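Computed from the coordinates by the stated procedures, all read-outs in this text should not be read as laboratory data. Only a predicted model underlies this, so the values are computations on that prediction, with no experimental measurement involved. Don't worry about glycine lacking a Cβ; one is built from the backbone with ideal geometry, like all the others, and counts go over all protein chains shown.
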Amino acid sequence: MFNLVMFGPPGAGKGTQSLRIAQRFQLKHISTGDILREEVRRESLCGKLARDYMDKGMLVPDEILVNILRQVVEENRYVNGFVFDGFPRTLVQAEELDQMLEREKLMIKLVLELEVNEDELVNRLVKRATDQGRSDDKPEVIRRRLETYHNQTEPLLHYFRNQGKLVTVHGVGTIDHISDMLYREIEKFHP
Ligand code: AP5
Ligand code: MG
């Protein structure tokens, strides 16, 4: 199994690139944002708990995320590997994921960080707000999501760097060009 994490701030292109990577390398794409939005839409208990945090641009509590992940990993025992998109976002989540995978004798092989400047991130999300109307793409929530990223998620880069798994890719340019750079990194590990 080949497991990788797509890492980066809101609007970096994690979702866009994860889908392409999953298709090209026959991996299972897991976006915790998409899973949570689906729970909110279904008005499940988990969705009701998550909604307030998401609408404020704050992280949903670790316990909820760890439960979701556990379920998804268990339901997908026979896939070639996972592309984790938007998870882990805290040290607790990262340690839980490592332990969860270790129990199945698996591990994260690679963490791909998409590096994009703040002006570009805001432009992309503001543009998406008009195109798609995701409820957290409002200017004040975008600002909060970026802050949350810097304060709570970005510090995780040290964790991955210490594990020797982190590769940073410049995330500005055409979507195709960025995909090519990411594919090349993956092919070093997963030909
Ligand atoms: P989540 O859904 O993960 O949102 P996010 O991290 O804020 O990131 P986005 O999905 O907005 O951006 P992306 O990096 O996927 O970029 P995309 O490809 O869409 O999380 C939402 C919320 O859920 C969180 O705030 C939190 O509350 C909760 N949550 C989720 N996971 C959690 C966790 N693990 N723990 C706790 N809480 C959690 O691209 C963005 C836009 O740019 C698109 O319109 C795209 O078309 C465009 N674009 C992409 N690439 C390019 C390019 N190269 N050039 C120009 N435009 C581009
Ligand atoms: Mg996304």
- [ ] Of the conditions (1) on the phi > 0 side of the Ramachandran plot; (2) under 15 Å from the mean Cα position of the chain (by Cα); (3) away from ligand 2 (no atom under 16 Å from the Cβ), Thr90 clears all except one; give me its number.
- [x] (1)
Task: Unmet criterion (only one of (1) within 17 Å of Gly8 (Cα to Cα); (2) within 15 Å of ligand 2 (Cβ to nearest atom)) for Val167 - done: (2)
TODO: Name every residue in the range 57-70 that is in a helix (DSSP H, G or I) and either surrounded by 14 or more Cβ atoms within 10 Å (Cβ to Cβ) or near ligand 1 (Cβ under 7 Å from one of its atoms) (or both), in order of residue number.
DONE: Asp62, Ile64, Leu65, Val66, Ile68, Leu69
Open item on the list: Report every pair of residues separated by at least 6 positions or lying on different chains whose Cβ atoms are under 9 Å apart, first residue within the range 13-41 and in contact (Cβ under 8 Å) with a residue 40 or more places away in the chain and near ligand 1 (Cβ under 7 Å from one of its atoms), second among the hydroxyl-bearing types (Ser, Thr, Tyr) and in a helix (DSSP H, G or I).
Closed with: Thr16/Ser179; Gln17/Ser179; Ser31/Ser18
- [ ] Would you point out the residue of the range 26-39, among those that are buried (at least 17 other Cβ atoms within 10 Å of the Cβ) and away from ligand 2 (no atom under 15 Å from the Cβ), that is farthest from the chain's Cα centre (by Cα)?
- [x] Glu39
